[in-house]
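The values are calculated or read from the model by the stated rules, or taken from the named source; none is laboratory data. Keep in mind that this is a model prediction, so the values were computed, not measured. Heads up, the Cβs are rebuilt from the backbone with ideal geometry, glycines too, and the neighbour counts pull from every protein chain shown.
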Amino acid sequence: MRKVRASTISLHCLMLVLPDRVLAVSCVGASAAAQVRPAGWTTHNDARGFAVDMPPGWSFSSDVRAGRILVQGPRGEQIVVWPASMQQKLDARGAAALVLQLARQVDGQMPWGTASAASGAVRTIAKSPQRSGVAVMRWSNEPNGSSIALYCVEAPTSSYPAEQDTFAAILRSFRVVSDAPAPATVANSRTAAASGPITYVTWTDPYEGAYSLSVPQGWKVVGGAHRLAATDVRSGVTLASPDGQIRVILGDTRLGTFIGPTPMMAYAGMREGTYYRLGDGSQLLIRRYVDGQQFARDYVHVYVSPECSGVQMISNNARADLSSALGEKARAEGMPNVRLAAGDASFTCSISGTPVRGMIVAATLAIPQSTMWYAYRLYGYLAAPGREQDAERVVEQSVQSIRINPQWLGRQQQIANNAVAADTARSQQFQHETQQAIARDEQQTSDMIMKGWQERSQTYDEIARRRENAILGTVDVVDPSTGQRYKIDNYSDYHWMNNSGVIAGNNTGDAPGPDWHRLTTLP
């Protein structure tokens, strides 16, 4: 995969070929003739030196890390502008491969077709029953490599043809301005944007009072610390935004302590994937140690994919910066000479047919002079496209705000010191009660995230249905006796079906005959 770096805003003049038309996009300075903005539209003036006009109901966001600009419509439309640079020079063949690579990073769920040359650029088109789009890339070779600009537009397939005029107007409105603020001003504006309008409140573990953390006000919070045995206390908290578009993951109660396989275990018939039982009732999953990079990737495939289908990994990185910082933290907590390695995994998947983007960060820690190890840190998010920055801010705030209750920590230490084989019976009671609580939490977590995306998906489906009817001149009717739905031409006010299944319409409201019954017209 070619290494592509985010670039400062320097938009190329573009000939964007949509499936049905050729669109010229001008990128000009502030001294050029003023852009004619349609009535009711607003202008976003960005601190990085560009402006864009948007229709009512559309929103602007940007991925500072990747350097992408995202303009989203209220019906699932989106426009992505991605200026970047790379250290190697491109030819037409390399550009065709790169536009596909970048388009898949923008939306890995779209069936991007073979790239082809179009008006001095390369483009790829995607069309499915749900969504359609086009991605176009222009490039220019420079002494030290290439500068590129990707333009990607998407919309529900049913409304895509009607949206092309809007796409055209938005893309034409992109313009570089000469009076961009100084770098210090840009940095300040990013800091202000990072703080966002979200306000936080303190949330305390409801089960054992083990810790507290800051959570966004109005968000749903599920989870806490669960005691499965005297020394087996697991924590998992899930936060869900009110609109159902963001889910933040802080730990996971399904993860306990691991123990590496040994020849003695193998001799006793205990292989990887089985459990090793301690005297206090704790059960350790036998699994050889893996670093945070591999753990994050495995977690996505094992624990995320059942809820979010079609997982496609975007990146999977070792995080030396986190390994160093968390290693110091572990040593400060009384764990010298630990082996700790952090990593992250970013990915795309789909919930109820809606594209979702995610990130998981994990750090695994091996206990000195032992084969035992565990996930020292695990956190991340699932977010609708365009909401990743909001999710990252919530994750950062929540993780940094975690405070362990010292009284609980003292009690836990005493329990651990007293944990012997005689505690097994009590541990069984712990496990029974705690597993019921964990099951309730997991069901609530699954319900709230699925419900949010299902409602959002249903809303988009309903919008797409009505838009399709408006474009095609059709209407949906339902036979109340069978529940069967039909799509018919919308030429009449009233619609009827006879006993032979023939559908007819009139404007009088009177049945055409005795064997006809009226169909219900959907709005």
Is there a residue being closer than 16 Å to residue 374 by Cβ and in the same structural domain as residue 367 (by TED's automatic domain parsing) anywhere in the range 262-270? no
For the range 303-331, give me the residue count where each residue is assigned to a loop (DSSP other than H, G, I, E, B) and among the hydroxyl-bearing types (Ser, Thr, Tyr). 1
Could you check residue 308 against (1) under 23 Å from residue 376 (Cβ atoms); (2) modelled with pLDDT under 90; (3) within 25 Å of the chain's Cα centre (by Cα); (4) not aromatic (Phe, Trp, Tyr) and say which number it fails? (1)
Evaluate the range 42-59: report whether one residue or more is among the small types (Gly, Ala, Ser) and at pLDDT 85 or above. yes
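Filter the range 404-421 for residues that are β-branched (Val, Ile, Thr) and surrounded by 12 or more Cβ atoms within 10 Å (Cβ to Cβ); which is modelled with the highest pLDDT?
404
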Is it fair to say residue 123 is of a type in the set (Lys, Arg), over 25 Å from residue 51 (Cα atoms) and modelled with pLDDT of 85 or more? no
Working carefully through the options 371, 348, find the one that is surrounded by fewer than 18 Cβ atoms within 10 Å (Cβ to Cβ) and either touching a Pro at 6+ places or on another chain (Cβ under 8 Å) or farther than 19 Å from residue 215 by Cβ (or both). 371
Could you tell me whether residue 334 is at positive phi, part of a strand (DSSP E or B) and either under 25 Å from the mean Cα position of the chain (by Cα) or surrounded by fewer than 17 Cβ atoms within 10 Å (Cβ to Cβ) (or both)? no
Exactly one of these conditions fails for residue 112: (1) crowded, with 16+ Cβ neighbours inside 10 Å; (2) more than 28 Å from the chain's Cα centre (by Cα); (3) without any contact (Cβ under 8 Å) to a residue 24 or more places away in the chain. Give me its number. (2)
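Would you mind finding the one in 304, 290 that is within 18 Å of residue 251 (Cα to Cα) and either surrounded by fewer than 19 Cβ atoms within 10 Å (Cβ to Cβ) or outside the structural domain of residue 374 (by TED's automatic domain parsing) (or both)?
Residue meeting the stated conditions: 290.
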